[in-house]
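The structure under discussion appears below in the form of structure tokens.
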Amino acid sequence: MFRNSKLHSLACAVLICLGLTAYATYAEAKVKPFKFVQLTDIHLSNKSAIDALQCSIDEINATDSIDFALITGDITDQGDRATMQRAKSYFDKLKVPYYVVLGNHETTWSESGCMDFQDIFGQESLSFEHNGIKFICFNSGPLLKMAYGHVSPKDIKWATEELMRNPDQPAIIVSHYPMMDGDVDNWYNVTDALRKPGNVRLFIGGHYHSLRNLTYDGMPGI
């Protein structure tokens, strides 16, 4: 892992290497080690946050071994269209592909009902594969401002179906909120549903503004 010493707690860059080579036959045949970056809780709002984001982008672009970037929510403070467009203009400077997930500041702070986010970044939920790993990303923002996070039944069903496409394939679940009691009101619905059909190896989230090793109902989370 690396963490840029110039970054404050609102914009951290994490480099993660996945060497998943000792799993089932599918993984042995398909999975190859790779590296990606996580950017989370940028809260783009002032010069300090902008400088930190630019610093992160410069460091990512200077690191040849990075395959892609995950941006796991709270990219803005107010969820407004202008700031999201500005954030995208910085993300577009990345030399690697990037994938953006909503945070609570893009949901309950949004005056457009998240339509601006969809217009700027695309769908709220997405999945992709990289070197044999399936990434499944969905919105976990609260239904009301300052409420617990929430994953909609529609997204739980969709994520379950994504896992069922190939139950043996190692998968990583990506959301802004950690799937923990006191953070997401229906976290147990998520963990119960996603444990059954597939091969979930890890949850990745943000929200805490810090690096932590967590357990979501028995499944590892960072």
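Per the listing 135, 117, the residue uniquely closer than 28 Å to residue 62 by Cβ and of a type outside the set (Lys, Arg) is 135. When the stretch 145-157 is filtered for residues that are surrounded by fewer than 16 Cβ atoms within 10 Å (Cβ to Cβ) and at negative phi, the ones remaining, listed by number, are 145, 147, 153, 154, 157.
Filtering the stretch 165-188 to residues that are at pLDDT 95 or above and farther than 16 Å from residue 220 by Cα leaves nothing. A Cβ distance below 9 Å, combined with a sequence gap of six or more or placement on separate chains, defines the contacts here; from the stretch 49-75, residues that are in contact (Cβ under 8 Å) with a residue 24 or more places away in the chain reach residues that are open to solvent by less than 10 Å² (accessible area, probe 1.4 Å) and among the charged types (D, E, K, R) in the pairs 72/41; 73/41; 73/106; 74/41; 74/106; 75/41; 75/106. If you filter the stretch 60-97 down to residues that are acidic (Asp, Glu) and at pLDDT below 95, you find that the one that is surrounded by the most Cβ atoms within 10 Å (Cβ to Cβ) is 74.
Restricted to the stretch 168-222, and to residues there that are of a type in the set (Phe, Trp, Tyr) and outside any loop (DSSP other than H, G, I, E, B), the residue that is farthest from residue 76 (Cα to Cα) is 188.
Does the stretch 57-89 hold any residues that are assigned to a helix (DSSP H, G or I), within 20 Å of residue 137 (Cβ to Cβ) and not basic (Lys, Arg), and which are they? Correct list: 60, 84, 87. Applying a threshold of 7 Å to beta carbon distances and a minimum spacing of six or more residues, or different chains, the list of pairs starting in the stretch 162-183 at a residue that is at negative phi and ending at one that is open to solvent by 10 Å² or more (accessible area, probe 1.4 Å) and among the acidic types (Asp, Glu) reads 177/183. Among the residues in the stretch 32-40, are any at pLDDT 75 or above and either more than 19 Å from the chain's Cα centre (by Cα) or in a loop (DSSP other than H, G, I, E, B) (or both)? Yes, the stretch 32-40 has at least one match.
The values are calculated or read from the model by the stated rules, or taken from the named source; none is laboratory data. Predicted model, so just to flag it, every value in this text is computed and none were measured. Backbone-built Cβ (ideal geometry, glycine too); neighbour counts: all protein chains shown. Keep in mind that these areas ignore ligands, DNA and RNA; they rest on the heavy atoms of the full protein, side chains included. Shrake-Rupley method; radii C 1.70, N 1.55, O 1.52, S 1.80 Å.
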